[in-house]
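The values are calculated or read from the model by the stated rules, or taken from the named source; none is laboratory data. Keep in mind that what you see is a predicted model, and the values were worked out from it rather than measured. Don't worry about glycine lacking a Cβ; one is built from the backbone with ideal geometry, like all the others, and counts go over all protein chains shown.
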Amino acid sequence: MEAPQYQQLQGSGNFSTPAGSFSSEFLLLRNPFWMGVLATTENQIEPFRQFVSNSGVWQLRGTLQDGRAVQSDSLLDTGPTEPPYNVGFTVLKGVSIGELREDPPLRSEFPLVNCFEGAISMRHQGWELTISADQSVKNVEILSKQWKLPCEGMTLHCSCPGKKLEDHLDIARSVMMLACITSLGNRRLQSSTHSPLAFIGIGVLAVHV
């Protein structure tokens with residue numbers, strides 16, 4: 001059985017704090033429970049590590065290999081890492097990929113962790129909400145059970161004209177909270193039946209403008 005894989009994106013950009021900055025190639029890594037950035041410098045690595053470890057929260061402004069812009073305002077240094085990268089960061093809040101616009105997004109997508117079965121299509125206060133999956137979700141479920149790790153399965157799609165990004169995040173949290181409450185209730189009534197929506201969570205957001 002193959003092991004679950006990190007999603008990986010390569011790029012280059014500028015890392016900065018009020019104390020200073022440096023430019024570097026980087027590798028963006030993501031799985032359902034952690035997101036991080038690995039960077040490198042070619043010279044004077046020991047002074048560089050000392051500088052990084054005393055600089056608090058970092059910002060990243062860069063470009064991925066496919067040309068998309070990437071940025072984050074919440075990188076925390078996690079110390080040395082393995083070559084060819086030599087410094088690691090944990091993403092505290094999130095990373096934005098693609099062009100940022102002030103216009104409200106047309107729709108948003110949230111990968112759901114540990115949600116592999118079921119489907120929802122509904123309207124609520126102007127929102128169109130659907131949960132769907134592609135054909136690969138069964139393979140992902142097998143991986144999740146084999147390795148006992150949370151994996152992203154189905155996807156929540158949200159659409160409502162004029163709503164801001166924060167509204168999309170709020171409605172997604174509400175849907176998942178209700179799903180978890182319903183799931184836990186079913187588990188109490190049918191303790192011998194595993195509910196596919198038990199302990200599900202929200203993955204990283206994809207926004208379409």
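Remarks
- Looking at Gly62, Gly94, just one residue is at pLDDT below 85 and surrounded by 11 or more Cβ atoms within 10 Å (Cβ to Cβ), and that residue is Gly94.
- Here the strands (runs of 3 or more DSSP E) wholly within region 48-148 that include at least 1 residues being of a type in the set (Asp, Glu) are 69-79, 107-113, 127-132.
- Residue selection: Leu156 satisfies the criterion of being modelled with pLDDT of 85 or more and under 21 Å from the mean Cα position of the chain (by Cα).
- Residue in region 112-130 that is under 19 Å from the mean Cα position of the chain (by Cα), surrounded by 13 or more Cβ atoms within 10 Å (Cβ to Cβ) and either of a type in the set (D, E, K, R) or modelled with pLDDT of 90 or more (or both) present: no
- Given (1) in the same structural domain as Ser24 (by TED's automatic domain parsing); (2) in contact (Cβ under 8 Å) with a residue 60 or more places away in the chain, number of the condition Val113 does not satisfy: (1)
- Residue-level check: of (1) under 21 Å from Gly11 (Cβ atoms); (2) modelled with pLDDT of 85 or more; (3) more than 21 Å from the chain's Cα centre (by Cα), Tyr85 misses just (2).
- Across region 70-82, the qualifying residues are those that are more than 17 Å from Ala19 (Cβ to Cβ) and under 16 Å from the mean Cα position of the chain (by Cα), and the one among them that is surrounded by the fewest Cβ atoms within 10 Å (Cβ to Cβ) is Gln71.
- Entry remark, region 131-147: residues being surrounded by fewer than 18 Cβ atoms within 10 Å (Cβ to Cβ) and small (Gly, Ala, Ser) number 2 in total.
- Here Leu197 meets each of (1) buried (at least 19 other Cβ atoms within 10 Å of the Cβ); (2) within 14 Å of Glu117 (Cβ to Cβ); (3) at pLDDT 50 or above; (4) of a type in the set (A, V, I, L, M, F, W, C) with one exception, condition (3).
- Count - residues of region 97-111 that are closer than 29 Å to Gly36 by Cβ, surrounded by 13 or more Cβ atoms within 10 Å (Cβ to Cβ) and not hydrophobic (A, V, I, L, M, F, W, C): 6
- Selection within region 172-190: residues that are crowded, with 16+ Cβ neighbours inside 10 Å and under 17 Å from the mean Cα position of the chain (by Cα). The member of this set that is modelled with the lowest pLDDT is Met176.
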